[in-house]
Amino acid sequence: MIMKKRFLVSILMLFVTTVQAQNKENDLSIGLQFGTIEYAGEFQQEIFSFKPGIHPSVGLNIAKYYNPSFDFRANLRYGMIDGGNMFSTTIFDINVLVDYKFANGYILKENSIIAPYLFLGIGDAITKLTPKNGPTEEAFTTFNFPLGAGLKFNVTPKFSVSLESQYNYAFSDDLDGNISGKYDDSFLYNSIGLHYNFSMGKDTDGDGVKDKNDKCPNTPKNVKVDANGCAIDTDKDGIADYLDTCPKVAGVKMFSGCPDSDNDGIKDSEDECPNLAGVKSANGCPDADGDGIKDSKDACPKVAGLDKYNGCPDTDGDGIIDSKDACPKVAGLDKYNGCPDTDGDGITDANDKCPTIKGVASNNGCPEIKQATKDVFKKALKGIKFQSGRDIIKSSSFRILNNVASIMKENPTYKLDINGHTDSSGDDAKNMTLSKKRAEAVKMYLVKKGISNDRLKSFGFGETKPKADNTTSVGRAENRRVEFVVKF
């Protein structure tokens with residue numbers, strides 16, 4: 001039972017291989033092989049010697065083309081090995097093989113008349129041993145490892161002749177009935193084969209080129225094709241003529257075969273500059289700054305601009321192009337080279353310390369301070385007195401401070417910095433603290449007189465900014481002062 005099952009499996013392997021071959025779009029060949037079978041084992045070593053005589057064998061060979069270098073092949077062989085006076089064994093051998101062909105386009109041309117090959121595979125031999133001095137034994141099977149070489153002569157595209165030598169190493173030691181463990185039995189086929197090559201011969205798309213040679217097997221009907229079965233492509237752009245809007249000029253797929261010479265995504269027929277990569281907004285011409293004005297008409301091709309200024313920018317929108325605008329990011333006036341004068345005092349904002357208040361050039365664009373005001377502030381330098389070492393204002397200073405308050409009320413645009421100073425007598429840190437407190441005391445006096453707190457700032461500098469020599473009493477007196485600085 002086991003032998004019968006293995007025999008059926010072997011037949012099925014061959015049948016499946018054959019069926020696969022008959023359903024592939026590649027060449028098939030079928031052939032008959034005639035030759036000899038020789039044996040090597042415990043009783044004799046007759047391979048390539050023919051000592052007991054010549055023992056014929058016959059085989060059926062089916063091959064399937066896989067690619068230029070390889071074929072898949074199955075064969076059936078029948079023969080008998082003769083052990084002289086000891087035994088005779090019939091062998092029905094089934095093999096599945098892989099051929100490596102030297103006529104593969106790399107070593108020899110594929111259409112070479114002489115085509116050598118090597119092969120190896122796996123096989124299963126069904127044997128029946130008959131001892132010369134005993135009863136016939138039951139048939140048994142043995143796996144074997146076939147390998148060998150051959151030489152094929154391609155007489156015509158359909159017919160070929162082969163010479164082949166196939167060595168089979170058996171995974172068994174009982175082909176001759178003697179299991180000694182010393183030898184593994186083996187056998188050799190030398191044969192000549194006659195092979196007929198054929199194909200399915202279908203032409204699925206009906207273009208006159210058989211499927212086996214058709215590189216484009218699904219070409220639509222009534223389309224002209226070349227020798228490979230592919231649609232004619234006159235301009236060689238990879239787009240068949242029947243799909244090509246411009247069949248005589250090489251083009252690209254996205255434009256149905258029409259050209260885009262500069263590869264800018266705009267086909268030549270719609271491109272004003274077909275040989276220069278451009279953009280759609282400029283009708284295919286270059287527009288480096290992307291302002292919609294092609295470079296050839298753009299006075300400022302590298303900076304985005306406006307059509308009314310020939311492509312040059314006016315960032316601040318004041319009607320003066322940036323290249324002629326001294327203040328290109330702030331809207332200004334032509335008479336000031338594009339710079340603004342917010343308060344209209346004739347002094348540009350960049351040079352005006354009071355850009356929102358009309359002023360005079362002599363005071364850096366700020367309003368001119370009246371001489372009477374200057375006189376009051378000058379008197380304050382020496383006229384504001386404090387109790388010694390304290391931040392309490394003496395009453396003798398009230399008149400001057402009242403005048404300062406009046407000036408601030410009369411000039412609502414004024415802001416005032418109040419800076420306190422001391423001489424160098426005593427501790428530096430204490431002098432700094434005292435100067436800050438005295439400046440703050442003056443500020444609070446003015447606030448009480450009705451001046452808004454947010455118009456006043458007080459600072460203390462201690463002895464760090466002397467106006468006179470601290471080594472004399474006169475100098476020290478001059479250094480003890482409160483200064484008023486008008487801000488706007």
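The values are calculated or read from the model by the stated rules, or taken from the named source; none is laboratory data. Everything numeric in this text was worked out from a predicted model, so none of it was measured. As a convention, Cβ positions derive from the backbone with ideal geometry for all residues, glycine included, and neighbour counts pool all protein chains shown.
Say we look at the range 72-89 and pick out the residues that are farther than 15 Å from Gly41 by Cα and of a type outside the set (D, E, K, R); which of these is surrounded by the fewest Cβ atoms within 10 Å (Cβ to Cβ)? Don't jump to the end; show me each part of the working.
Just the residues of the range 72-89 that are farther than 15 Å from Gly41 by Cα, to begin with: 72-79.
Adding the requirement that they be of a type outside the set (D, E, K, R) leaves 72, 74-76, 78-79.
Values: Phe72: 19, Ala74: 22, Asn75: 25, Leu76: 17, Tyr78: 15, Gly79: 22.
Only one residue tops the list, namely Tyr78.
Filter the range 317-342 down to the residues that are among the charged types (D, E, K, R) and buried (at least 18 other Cβ atoms within 10 Å of the Cβ), then identify the one that is nearest to Gly284 (Cα to Cα).
Residues of the range 317-342 among the charged types (D, E, K, R): 318, 322, 324-325, 329, 334-335, 341.
Cutting the leftovers down to buried (at least 18 other Cβ atoms within 10 Å of the Cβ) gives us 318, 322, 325, 341.
Values: Asp318: 32, Asp322: 28, Asp325: 32, Asp341: 44 Å.
Ranking the qualifying residues of the range 317-342, first place goes to Asp322.
Only one of (1) in contact with a strand residue (DSSP E or B) (Cβ under 6 Å, 6 or more places away or on another chain); (2) modelled with pLDDT of 90 or more fails for Thr219. Which number is that?
(2)
Output the number of residues of the range 455-483 satisfying the condition of being among the charged types (D, E, K, R), assigned to a helix (DSSP H, G or I) and within 15 Å of Ser435 (Cβ to Cβ).
So in the range 455-483, the residues among the charged types (D, E, K, R) come out as 455, 457, 463, 465, 467, 469, 476, 478, 480-481, 483.
Restricting the remaining residues to those that are assigned to a helix (DSSP H, G or I) gives 455, 476, 478.
The next check asks that each one be within 15 Å of Ser435 (Cβ to Cβ); those that pass are 476, 478.
Count: 2.
Of all residues in the range 294-340, which are of a type in the set (Gly, Ala, Ser) and part of a loop (DSSP other than H, G, I, E, B)?
Start the filter on the range 294-340 by keeping residues that are of a type in the set (Gly, Ala, Ser), which leaves 296, 299, 304-305, 311, 317, 319, 323, 326, 331-332, 338.
Listed by number, the residues that qualify are Ala299, Ala304, Gly305, Gly311, Gly317, Gly319, Ala326, Ala331, Gly332, Gly338.
Could you please find all residues in the range 354-373 being surrounded by fewer than 18 Cβ atoms within 10 Å (Cβ to Cβ) and over 18 Å from Pro412 (Cβ atoms)?
Answer for the range 354-373, where residues must be surrounded by fewer than 18 Cβ atoms within 10 Å (Cβ to Cβ) and over 18 Å from Pro412 (Cβ atoms): Val360, Ala361, Ser362, Asn364, Gln371.
Give the residue, chosen from Gly426, Gly346, Gly359, Gly389, that is of a type in the set (Gly, Ala, Ser), without any contact (Cβ under 8 Å) to a residue 60 or more places away in the chain, outside the structural domain of Val474 (by TED's automatic domain parsing) and not in a helix (DSSP H, G or I). Full working, then the answer.
Numbers: Gly426 fails: outside the structural domain of Val474 (by TED's automatic domain parsing); Gly359 fails: without any contact (Cβ under 8 Å) to a residue 60 or more places away in the chain; Gly389 fails: outside the structural domain of Val474 (by TED's automatic domain parsing).
Checking each option against the conditions leaves just Gly346.
Is the range 429-439 home to any residue that is within 28 Å of Asn364 (Cα to Cα), assigned by TED's automatic domain parsing to the domain that holds Arg390 and surrounded by 15 or more Cβ atoms within 10 Å (Cβ to Cβ)? Break it down stepwise before answering.
First, pick out the residues of the range 429-439 that are within 28 Å of Asn364 (Cα to Cα): 439.
Still in the running and assigned by TED's automatic domain parsing to the domain that holds Arg390: 439.
Retained after the next criterion (residues that are surrounded by 15 or more Cβ atoms within 10 Å (Cβ to Cβ)): 439.
Scanning the range 429-439 turns up at least one residue that is within 28 Å of Asn364 (Cα to Cα), assigned by TED's automatic domain parsing to the domain that holds Arg390 and surrounded by 15 or more Cβ atoms within 10 Å (Cβ to Cβ).
Only one residue in Asp93, Asp99, Asp82 is over 51 Å from the mean Cα position of the chain (by Cα) and under 28 Å from Ser29 (Cβ atoms), so which one is that?
Details: Asp99 fails: over 51 Å from the mean Cα position of the chain (by Cα); Asp82 fails: under 28 Å from Ser29 (Cβ atoms).
Result: Asp93 is the single residue among Asp93, Asp99, Asp82 that is over 51 Å from the mean Cα position of the chain (by Cα) and under 28 Å from Ser29 (Cβ atoms).
Collect the residues in the range 238-249 that are surrounded by 15 or more Cβ atoms within 10 Å (Cβ to Cβ) and closer than 21 Å to Cys216 by Cα, keeping them in residue-number order. It would help to see each step written out before you state the result.
From the range 238-249, those surrounded by 15 or more Cβ atoms within 10 Å (Cβ to Cβ) are 239-241, 244, 246-247, 249; that's our starting set.
Across the range 238-249, the qualifying residues are Ile239, Ala240, Asp241, Asp244, Pro247.
Among what's in the range 220-236 and is surrounded by 14 or more Cβ atoms within 10 Å (Cβ to Cβ) and among the small types (Gly, Ala, Ser), pick the residue that is farthest from the chain's Cα centre (by Cα).
Gly229
Evaluate the following for Lys409: is it surrounded by fewer than 16 Cβ atoms within 10 Å (Cβ to Cβ), at pLDDT below 95, of a type in the set (D, E, K, R) and in contact with a strand residue (DSSP E or B) (Cβ under 8 Å, 6 or more places away or on another chain)? Let's see the steps before the verdict.
Numbers: surrounded by fewer than 16 Cβ atoms within 10 Å (Cβ to Cβ): yes; at pLDDT below 95: yes; of a type in the set (D, E, K, R): yes; in contact with a strand residue (DSSP E or B) (Cβ under 8 Å, 6 or more places away or on another chain): no.
Considered against the rule, which asks whether it is surrounded by fewer than 16 Cβ atoms within 10 Å (Cβ to Cβ), at pLDDT below 95, of a type in the set (D, E, K, R) and in contact with a strand residue (DSSP E or B) (Cβ under 8 Å, 6 or more places away or on another chain), Lys409 comes out as no.
Does the range 455-466 contain any residue that is buried (at least 17 other Cβ atoms within 10 Å of the Cβ), closer than 25 Å to Cys366 by Cα and not hydroxyl-bearing (Ser, Thr, Tyr)?
Yes - at least one qualifying residue is present in the range 455-466.
Inside the range 100-116, can you point out the residues that are of a type outside the set (A, V, I, L, M) and in contact (Cβ under 8 Å) with a residue 40 or more places away in the chain? Quick ask: steps written out before the conclusion?
Here is the first cut: in the range 100-116, the residues of a type outside the set (A, V, I, L, M) are 100-102, 104-106, 109-112, 116.
Hits for the range 100-116 are Glu110, Asn111, Ser112.
Could you please let me know if Asp264 is surrounded by 14 or more Cβ atoms within 10 Å (Cβ to Cβ), more than 30 Å from Leu76 (Cβ to Cβ) and touching a residue at least 12 places away in the same chain (Cβ under 8 Å)? It would help to see each step written out before you state the result.
Details: surrounded by 14 or more Cβ atoms within 10 Å (Cβ to Cβ): yes; more than 30 Å from Leu76 (Cβ to Cβ): yes; touching a residue at least 12 places away in the same chain (Cβ under 8 Å): yes.
Yes; evaluated as a whole, the condition is true for this residue.
Looking only at the range 210-244, how many residues end up being over 24 Å from Phe255 (Cα atoms) and not in a loop (DSSP other than H, G, I, E, B)?
The qualifying residues number 3.
Out of the residues in the range 13-44 meeting the condition of being among the polar types (S, T, N, Q) and at pLDDT below 75, tell me which one is farthest from Val209 (Cα to Cα). Explain how you work it out, then say what you get.
The first filter runs over the range 13-44 and keeps only residues among the polar types (S, T, N, Q), leaving 17-18, 20, 22-23, 26, 29, 33, 36, 44.
Okay, now just the ones that are also at pLDDT below 75, so 17-18, 20, 22-23, 26, 44.
Values: Thr17: 27, Thr18: 25, Gln20: 23, Gln22: 19, Asn23: 18, Asn26: 14, Gln44: 56 Å.
Result: Gln44.
Only one of (1) under 47 Å from the mean Cα position of the chain (by Cα); (2) under 30 Å from Phe488 (Cβ atoms) fails for Ser296. Which number is that?
It fails just one condition, (2).
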